[in-house]
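Report on one structure; see the data block that follows.
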Amino acid sequence: MAQKEVLVRVENLKKHFPIRRGFLIQRQVGAIKAVDGVSFDIYRGETLGLVGESGCGKTTTGRTLLQLYRPTSGSVHFEGEDLVDMKGEQLRRQRRKMQMIFQDPYASLNPRMTVGRIIREPLEVHDVGSVKERQDRVHELLRLVGMNPYFVNRYPHEFSGGQRQRIGVARALALNPSFIVCDEPISAFDVSIQAQVVNLLEDLQADLGLTYLFIAHDLSMVRHISTRVAVMYLGKIVELTDRDTLYSDPQHPYTEALLSAVPIPDPEVEEERERVILEGEVPSPANPPVGCNFNTRCPKVMQVCHEVDPEFKEIAPGHWCACHLVG
Amino acid sequence: MSTLLSVRGLETRFYTQEGVVHAVNGISYTLDEGATLGIVGESGCGKSTSVLSMLRLIPSPPGKITGGEVLFEERDLLKMDREELRHVRGNRIAMVFQDPMTSLNPVLTIERQLTEALQVHMEMGHARATKHSIELLEMVGIPQADQRIKDYPHQFSGGMRQRVMIAMALSCNPQILIGDEPTTSLDVTIQAQIIDLVKRLRDEMGMAVIWITHDLGVVARLVEWVNVMYAGYIVEMGPVKDIYGRLRHPYTIALMGSLPRLDQTGHQRLQAIEGLPPDLISLPPGCPFAPRCDYVLDRCLTENPPLESVGGDHVAACWNLEATLGYQRSSR
């Protein structure tokens, strides 16, 4: 990436979901700390991969960033302006520049709307273009995602999962956004369809100059598509750096364990690999441990890890990590 | 190593309103004592159906095993009477499924469910069965097993439930443990724990394992033998290092080419397989992969190739094996 213009700046973003008890009068007795203070930049034109296992908060981060959930605290600057401060019409106008592609191609398309209507909807909601212009745009978008414009009058159920995802992509592109959050866009598919969708996303990025936040749990695919990668665990980012460094020289023990757990389709390589097998399970986000969130499972845990939450800091240029062992 | 299981010409169909689904189309393979076999393929290839057919767990109607035999310890599982089959299932051949929540009874404690198999198949009394069950839970790595045995399935996490399923499957010391995508819905670090556990138990107990998955990485980590399935056929089969080292079937080649690798350097465009898998109701004549194949010949469109040897125990079903002989995976 030649220029490093910051498109999105997230600072200390938190999203806590309250746990309430009581019948007539509800009291808050605790909170699920789904996202618990994450900070990162996304540069124009890059793909930032956001990985982690279930419950780590990656999907919630993506949604909170787009203000689909309102943050509990923190800021999200998009092209220099804080989205958290915006409301109503002002926020709606920003929404044209940032869009989302969802995980489930069956649930994210309205089964009672034709493909044409689904893709046209964002244009109608934001009152963009005349009727004829919208029609032309829909045809153009279908062609862009490799589908026949003739399909405008068909319904989602007439298509395969992979094709439905293409429709979802077309819809996301309708308003010409500069930034797209891809929330596990390929997890629902077989391997051969995953490759088709990823190739499409890469081509569109090159042709349209898009910036992606690519949320996924498949580390091999994230490696393939990302420029930089952030690893999340229990609501926090534990490591963030460029793609090659993360995969060849991870600093955080969780990143090491995560990479070691991913099977590689090569039996000779598998035999030689050093394995870090984590014990136990992820603690509950309603009750994270005191100190470092990873201290219940970390193979390199020390006394300080049980007392002090490590700071997320830059340990080398462009390489961020939250661990007492490093930096 | 003696042959434990011999599948010959297994064929399963589903009779539905839309037509007859040719789910499994005459597959044959053997499994030796103590061997680990991976059956790999994408959804709809028949990998689960073929194994469920073996144990006659296919709902009938609409399913029907229309041909073949499955010899286990010299007896054909497909022809046994129900009573004999009951003695095999859960006892000599045990199975772990993908979603432990549907295989575990949500209203019974783990103790009840574990001891059931022991009492039925091993004729243990309650006290002994409970003691043995606690040992099984410890063996699969459940902490505080003596307390947790009284819990209900919903009180366990996904990974823990899968361990309980494995404990149940192993309770009667089976000769074959079958896993039907048991780690697909689990996080990758939990999957690694489960694979490690299965390897350890396999080595300790000397049982054979059949592992069904779509994940070519899991296969590389766990198994010795591989069957690659497509549209209800086995298209390539052999020792895992032979298959991965020298891919011969165009589908397997295409599949590997579409996978990103964790250890790759640089960026290479994924080679997506264009098109979709065939409709199992109207399978075209000839090779099922022909419409999507990079190496297709005229013959492929009319005749379905048989499996033939490409070296040692490695076989592949293709009319154009000469073309794939030169295939080398691009260096990573």
Kindly list, by first and then second residue, each pair from a residue in the stretch B:196-223 that is of a type in the set (Ser, Thr, Tyr) to a residue that is assigned to a loop (DSSP other than H, G, I, E, B) and modelled with pLDDT under 95, limited to pairs with Cβ atoms under 6 Å and residues at least 6 apart or on different chains.
B:Thr213/B:Glu181
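Find the helices (runs of 4 or more DSSP H) located wholly in the stretch B:116-173 whose residues include 1 or more that are under 24 Å from the mean Cα position of the chain (by Cα) and modelled with pLDDT of 90 or more, and list them.
Numbers: elements: B:126-139, B:145-148, B:158-170.
In the stretch B:116-173, B:126-139, B:158-170 are the helices (runs of 4 or more DSSP H) which contain 1 or more residues that are under 24 Å from the mean Cα position of the chain (by Cα) and modelled with pLDDT of 90 or more.
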Test: A:Ser226 is hydroxyl-bearing (Ser, Thr, Tyr) and touching a Gly at 6+ places or on another chain (Cβ under 6 Å):
yes
Quick one: what pairs do we get from the stretch B:37-59, first residue among the charged types (D, E, K, R), second assigned to a loop (DSSP other than H, G, I, E, B), C-beta under 6 Å, 6+ apart or different chains?
B:Glu42/A:Asp190; B:Glu42/B:His214; B:Lys47/B:Gly41
For A:Asp127, only one of the following conditions fails: (1) surrounded by 16 or more Cβ atoms within 10 Å (Cβ to Cβ); (2) more than 19 Å from the chain's Cα centre (by Cα). What is its number?
(1)
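One line per residue, one yes/no per condition, for (1) closer than 24 Å to B:Val198 by Cα; (2) in contact with a helix residue (DSSP H, G or I) (Cβ under 8 Å, 6 or more places away or on another chain); (3) hydrophobic (A, V, I, L, M, F, W, C):
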residue	(1), (2), (3)
B:Gly19	no, no, no
B:His22	no, no, no
B:Ser28	no, no, no
B:Leu31	yes, no, yes
B:Ala35	yes, no, yes
B:Val40	yes, yes, yes
B:Gly46	yes, no, no
B:Ser50	yes, no, no
B:Ile58	no, yes, yes
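Just the residues that are in contact (Cβ under 8 Å) with a residue 40 or more places away in the chain and surrounded by fewer than 17 Cβ atoms within 10 Å (Cβ to Cβ), please, taken from the stretch A:10-36. Before you say what the answer is, go through the steps one by one.
Initially, the stretch A:10-36 is screened for residues in contact (Cβ under 8 Å) with a residue 40 or more places away in the chain, giving A:10-16, A:19, A:30-36.
A:Glu11, A:Asn12, A:Ile19, A:Gly30 - these are the residues of the stretch A:10-36 that are in contact (Cβ under 8 Å) with a residue 40 or more places away in the chain and surrounded by fewer than 17 Cβ atoms within 10 Å (Cβ to Cβ).
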Could you say whether any residue in the stretch B:8-16 is modelled with pLDDT under 95 and either part of a loop (DSSP other than H, G, I, E, B) or under 19 Å from the mean Cα position of the chain (by Cα) (or both)?
no
Given the residues A:Pro283, A:Pro310, which is the only one that is surrounded by fewer than 20 Cβ atoms within 10 Å (Cβ to Cβ), part of a loop (DSSP other than H, G, I, E, B) and more than 9 Å from chain B (Cβ to nearest Cβ)?
A:Pro283
For the stretch A:285-301, indicate whether the set of residues that are among the hydroxyl-bearing types (Ser, Thr, Tyr) and at pLDDT 90 or above is non-empty.
yes
Pick from B:Val51, B:Val70, B:Val40, B:Val88: which is of a type in the set (Val, Ile, Thr) and within 14 Å of another protein chain (Cβ to nearest Cβ)?
B:Val40
I'm trying to understand the selection: among the residues of the stretch B:233-278, which are without any contact (Cβ under 8 Å) to a residue 24 or more places away in the chain, facing another protein chain (nearest Cβ under 7 Å) and assigned to a helix (DSSP H, G or I)?
B:Lys241
Count of the stretch B:130-149 residues which are of a type in the set (A, V, I, L, M) and over 15 Å from B:Gln113 (Cα atoms):
3
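Which helices (runs of 4 or more DSSP H) sit wholly inside the stretch A:210-264 and have at least 2 residues that are surrounded by fewer than 24 Cβ atoms within 10 Å (Cβ to Cβ) and charged (D, E, K, R)?
Here the list reads A:243-248.
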Which listed residue is without any contact (Cβ under 8 Å) to a residue 60 or more places away in the chain, farther than 29 Å from A:Glu11 by Cβ and not in a helix (DSSP H, G or I), from A:Val197, A:Val290, A:Val269, A:Val276
A:Val276
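Say we look at the stretch A:145-177 and pick out the residues that are in contact with a Ser or Thr (Cβ under 7 Å, 6 or more places away or on another chain) and in a loop (DSSP other than H, G, I, E, B); which of these is farthest from the other protein chains (Cβ to nearest Cβ)?
Applying the first criterion (in contact with a Ser or Thr (Cβ under 7 Å, 6 or more places away or on another chain)) to the stretch A:145-177 yields A:152-155, A:168.
Next, only the ones that are in a loop (DSSP other than H, G, I, E, B) stay: A:154-155.
Details: A:Arg154: 16, A:Tyr155: 18 Å.
Across the stretch A:145-177, the extreme among qualifying residues is A:Tyr155.
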Within the stretch B:316-325, identify whether any single residue is more than 23 Å from the chain's Cα centre (by Cα), surrounded by fewer than 24 Cβ atoms within 10 Å (Cβ to Cβ) and in a loop (DSSP other than H, G, I, E, B), and answer yes or no.
yes
Touching a residue at least 60 places away in the same chain (Cβ under 8 Å), away from chain B (no Cβ under 14 Å) and not aromatic (Phe, Trp, Tyr): is that true of A:Pro253 in this structure?
no
Residue within the stretch B:67-76 that is more than 14 Å from the chain's Cα centre (by Cα), surrounded by fewer than 21 Cβ atoms within 10 Å (Cβ to Cβ) and of a type in the set (Val, Ile, Thr) present:
no
Would it be correct to say that B:Ala208 is closer than 30 Å to B:Val20 by Cβ and more than 7 Å from every other protein chain (Cβ to nearest Cβ)?
no
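The values are calculated or read from the model by the stated rules, or taken from the named source; none is laboratory data. As the structure is a computational prediction, the values presented were derived from the model and not from experiment. Backbone-built Cβ (ideal geometry, glycine too); neighbour counts: all protein chains shown.
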